[in-house]
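Notes to accompany the following structure.
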Amino acid sequence: MRAVVFEEFGRDAKVQDVPDPVPSGQGVVVRVEATGLCRSDWHGWMGHDPDITLPHVPGHELAGVVEAVGSAVVNWRPGDRVTVPFICACGRCPACAAGAQQVCERQTQPGFTHWGSFASYVALEQADVNLVAVPEGLSFAAAAGLGCRFATAFRAVVGQGRVAPGEWVAVHGCGGVGLSAVMIAAACGAQVVAVDVSARALELARSFGAVECVDASAYPGGADEAVRELTGGGAHLSLDALGSPVTCAASVRSLRWRGRHVQVGLLPTAPVVPMARVIGLELEILGSHGMAAHDYPPMMDMVRSGALRPELLVTSTIALDAAPAALAAMGTALGAGVTIIEPAK
């Protein structure tokens with residue numbers, strides 16, 4: 001098969017011919033129809049993830065068709081349309097037994113713990129625990145985001161963030177996760193303030209339901225003061241969807257008393273969290289790490305009803321040959337919306 005391979009961190013990746021994967025007994029091989037280009041892939045390419053061994057194929061946000069199944073797989077057959085949480089759970093550890101597969105103690109992650117989906121095919125583990133059916137009416141390009149960005153945002157806003165109608169929600173960073181969070185919070189009846197440095201990202205955020213937009217480039221130290229002013233004292237819920245010390249601290253400072261901060265974006269360097277404010281206002285600091293497959297039905301119901309439209313997030317599709325340059329460019333130009341790689345192109 002053809003795949004994007006890098007042999008050194010931070011150095012040019014190349015499209016190469018590599019052996020096709022084979023399924024484990026409880027796993028499947030999926031023919032990749034669409035896979036998202038995500039900032040987490042860039043972090044992996046840069047060497048920020050200790051699980052990656054070289055040479056490596058990135059890619060963790062995918063949708064496609066089951067090509068082959070292991071001998072112990074019960075619920076899936078070749079030809080099934082599927083996506084998968086980027087955290088593939090073992091289904092047996094104490095976390096999984098408690099229903100918290102998103103923090104599985106023995107998790108695998110395509111594109112990190114093993115070769116990923118920037119390829120014609122990808123192997124996925126524990127298929128009966130992890131695969132999610134893709135409805136016939138949903139394109140693979142739209143469904144790819146349900147494996148990472150869209151599902152991650154859904155759990156961050158609805159599960160961890162406990163959003164309620166009428167609340168103010170601030171979203172710091174309007175890339176793929178942030179724009180998903182804007183759409184989801186607005187669909188849940190919240191009033192959303194979108195924060196970003198990109199005019200195009202803020203334009204998309206407004207089209208997805210943000211009632212206020214803040215150009216963070218005017219606030220080098222963080223746009224929290226603007227958020228507090230627009231929300232009449234601070235957001236009830238604020239998310240750092242980018243992952244930087246500035247946006248993390250600004251998100252916490254954006255909150256009103258007893259507000260909730262959810263950290264979604266990965267932080268390669270440790271932030272300075274304003275803990276005096278956390279204590280004085282009794283704020284909650286929450287992490288959010290993907291979403292377990294068994295938690296997908298409420299999100300999928302909203303997708304089927306049209307209340308959520310993940311296809312609107314896709315602003316660009318590229319072929320596999322263009323993926324190495326696009327991956328490298330994420331370090332300096334995040335763009336707006338979601339770029340999808342279609343390996344069959």
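The values are calculated or read from the model by the stated rules, or taken from the named source; none is laboratory data. Just so it is clear, the model here is predicted, and its values are computed rather than measured. Glycine also receives a Cβ, built like all others from the backbone with ideal geometry; neighbour counts cover every protein chain displayed. Heads up: the accessible areas ignore ligands, DNA and RNA and are worked out on the full protein's heavy atoms, side chains in. Shrake-Rupley method; radii C 1.70, N 1.55, O 1.52, S 1.80 Å.
Over all other residues within a Cβ to Cβ distance under 15 Å of R39, the charged ones net out to -4, with Lys and Arg as +1 and Asp and Glu as -1.
Since only V4, H43, A72 are under comparison, the one whose Cα sits farthest along the positive direction of the charge dipole of the stretch 1-78, derived from C-beta charges on Lys, Arg, Asp and Glu, is A72. A simple count of charges around L131, restricted to other residues whose Cβ falls under 12 Å of its Cβ and scoring Lys, Arg +1 and Asp, Glu -1, yields -1.
For the residues T317, T332, T152, a GNM of the chain with alpha-carbon springs under 10 Å puts the largest fluctuation on T332. Here is the list for the stretch 264-345: GluC sites (Glu not before Pro) lying in DSSP coil, each with at most 15 other C-beta atoms within 10 angstrom of its C-beta, are E282. Calculated from the alpha-carbon coordinates, the stretch 236-280 shows an Rg and a Dmax of 9.8, 28 Å respectively.
The GluC sites (Glu not before Pro) found in the stretch 81-185 that occupy coil by DSSP, while having at most 14 further C-beta atoms within 10 Å, are E105, E136. When the charge dipole of the chain is built from unit charges on Cβ atoms (+1 for Lys and Arg, -1 for Asp and Glu) and taken about the Cα centre, the candidate among Q109, P268, G222 whose Cα reaches farthest toward its positive end is G222.
Beta bridges from DSSP with both residues in the chain: antiparallel share about 50 percent, rounded to the nearest 5. Our estimate of slack between K14 and M46, defined as 0.36 nm per intervening residue step minus the Cα-Cα distance, is 10.0 nm. Sorting F86, F150 on solvent-accessible area from highest to lowest, probe radius 1.4 Å, gives F86, F150.
Rounded to the nearest 20 debye, what is the charge dipole size of the stretch 29-87 about its Cα centre when +1 sits on each Lys and Arg Cβ and -1 on each Asp and Glu Cβ? In total the dipole reaches around 160 debye.
What is the Cα centroid distance between the stretch 132-155 and the stretch 313-345, reported in whole angstrom? A separation of 17 Å, based on Cα centres. Using the Cβ atoms and a cut-off under 13 Å, what net charge is assigned to the surroundings of A205, where Lys and Arg are +1 and Asp and Glu are -1? Local charge sum for A205: -2.
Take the convex hull of the alpha carbons in the stretch 229-345; its mean projected area over all directions comes to 10.3 nm². Where the only charges are on Cβ atoms (+1 Lys, Arg; -1 Asp, Glu), what is the dipole of the stretch 195-345 about its Cα centre, to the nearest 20 debye? The dipole magnitude comes to about 160 debye. Stokes-Einstein, applied to the Kirkwood radius of the chain over Cα pairs at a viscosity of 1.567 mPa s and 4 °C, places its translational diffusion at 65 µm² s⁻¹. Here the 3J(HN,Hα) profile of the stretch 60-72, calculated from phi with Karplus coefficients 6.51, -1.76 and 1.60 at θ = phi - 60°, is 9, 10, 9, 8, x, 10, 4, 9, 8, 10, x, 5, 9 Hz, Gly and Pro shown as x. Computed from phi, the 3J(HN,Hα) profile of the stretch 74-89 under the Karplus parametrisation 6.51, -1.76, 1.60 (θ = phi - 60°) reads 9, 9, 10, 9, x, x, 5, 7, 9, 10, 7, x, 5, 9, 8, 7 Hz, with x in place of Gly and Pro.
Taken one residue at a time, the phi angles of the stretch 307-321 give Karplus couplings (6.51, -1.76, 1.60, θ = phi - 60°) of 5, 10, 10, x, 5, 5, 6, 7, 10, 7, 10, 9, 7, 4, 5 Hz. Gly and Pro are set to x. Evaluated with a Cβ-only charge set (Lys, Arg +1; Asp, Glu -1), the stretch 1-140 carries a dipole of roughly 160 debye about its Cα centre, given to the nearest 20.
Can you find, among T332, A322, M299, the residue farthest towards the positive end of the dipole of the stretch 278-345? Put +1 on the C-beta of Lys and Arg, -1 on that of Asp and Glu. Ranked along the dipole, the leading option is A322.
What whole number of Å gives the distance from the Cα centroid of the stretch 218-277 to the Cα centroid of the stretch 96-116? Using only Cα atoms, the two centres lie 28 Å from each other.
Here the stretch 41-102 has 53 percent of its accessible surface on carbon and sulfur atoms, given a 1.4 Å probe and all protein chains in place.
Of the whole protein surface, H289 contributes about 70 Å² of accessible area at a 1.4 Å probe radius.
With the contact rule set at Cα under 8 Å and sequence spacing of 6 or more, what percent relative contact order holds for the chain? Result for the chain is 19 percent. Within the stretch 1-64, the trypsin sites (Lys or Arg not before Pro) that combine a DSSP coil assignment with at most 15 other C-beta atoms in a 10 angstrom radius are R11. At full extension, T315 and A72 could sit 83.6 nm farther apart than now, given 0.36 nm per residue minus the alpha carbon distance.
Amide H contacts under 5 Å for A170: V193, L237, S238, L239, restricted to partners 5 or more places along the chain or on a different chain, H placed in the peptide plane at 1.01 Å from N.
Counting heavy atoms of the protein chains alone, M46 has an accessible area of about 80 Å² for a 1.4 Å probe. For the chain, the solvent-accessible area with a 1.4 angstrom probe is 39 square angstrom per residue.
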